[in-house]
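Visitor: Quick one: the structure is below, questions incoming.
The values are calculated or read from the model by the stated rules, or taken from the named source; none is laboratory data. Because the structure is a prediction, the values reported are computed rather than measured. Cβ sites come from the backbone with ideal geometry, for glycine too, and all protein chains shown count toward neighbours. All accessible areas refer to the heavy atoms of the entire protein, side chains included, with ligands and DNA or RNA removed. Shrake-Rupley method; radii C 1.70, N 1.55, O 1.52, S 1.80 Å.
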Amino acid sequence: MLIVGASGAGKSSLLRRIVAHEEHLGRRIIDLARLVLPDAPAVDCLPDLPLEQALALLGQMGLGEAWTYLRTPAELSDGQRWRLRLAVALHKFERDPARLATLICDEFAALLDRVTAAIVSRAIRKVIDSHPNLAAVLATSHDDVALPLKPDRIVRCDFGVFTSEEI
């Protein structure tokens, strides 16, 4: 699900209500905002993954440059740190893929240039399609991610008025 709307239109409030509902149902929540990145090289932020798989996941999230692998989160730009957080979130899901989970992200792709946002959106769609127990609820003011993300549902927020369309 993609939640779109202007700043202050109610996206974050709606997202909090969805999270509360998902938690009430017992679904595992993986919230990018709550993830704490360790003070370790990016490649080591994905524990228990063989090196080749860790590099592939980082590359899938747009962190495929060799120099980024050895940088700590503090040494990365805000956009790179956001993409690392996304990779860590997906790794958390893949540690227990049989358990239902919902990936939550407020301000999805807001820190990224629009080309990188499209690439990451497409990568997220591929991950969701390949894991039937993973859902995503993403909120953003950038509706240009809708095309590469191909969400099943778009909810438009307009200052307390919500409209939903199934895609």
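Visitor: Pairs needed: first member in segment 62-81, under 19 Å from S121 (Cα atoms); second member anywhere, open to solvent by 20 Å² or more (accessible area, probe 1.4 Å); C-beta distance under 6 Å; at least 6 residues apart or different chains.
Guide: Note: pairs meeting the criteria are G62/R83; G62/T116; G62/I119; L63/R83; D78/L111; G79/L111.
Visitor: Right, next: Suppose we keep only residues that are of a type in the set (A, V, I, L, M, F, W, C) and touching a strand residue (DSSP E or B) at 6+ places or on another chain (Cβ under 9 Å) within segment 20-57. Which one would you say is surrounded by the fewest Cβ atoms within 10 Å (Cβ to Cβ)?
Guide: Going through segment 20-57, the residues of a type in the set (A, V, I, L, M, F, W, C) turn out to be 20, 25, 29-30, 32-33, 35-37, 40, 42-43, 45-46, 49, 51, 54-57.
Next cut, touching a strand residue (DSSP E or B) at 6+ places or on another chain (Cβ under 9 Å) only: 29-30, 32-33.
Values: I29: 15, I30: 19, L32: 17, A33: 11.
If we take residues in segment 20-57 being of a type in the set (A, V, I, L, M, F, W, C) and touching a strand residue (DSSP E or B) at 6+ places or on another chain (Cβ under 9 Å), then A33 is surrounded by the fewest Cβ atoms within 10 Å (Cβ to Cβ).
Visitor: Take the conditions touching a residue at least 40 places away in the same chain (Cβ under 8 Å) and hydrophobic (A, V, I, L, M, F, W, C) and apply them to I119. Does it pass?
Guide: Details: touching a residue at least 40 places away in the same chain (Cβ under 8 Å): yes; hydrophobic (A, V, I, L, M, F, W, C): yes.
Here the answer is yes, as I119 does meet what is asked.
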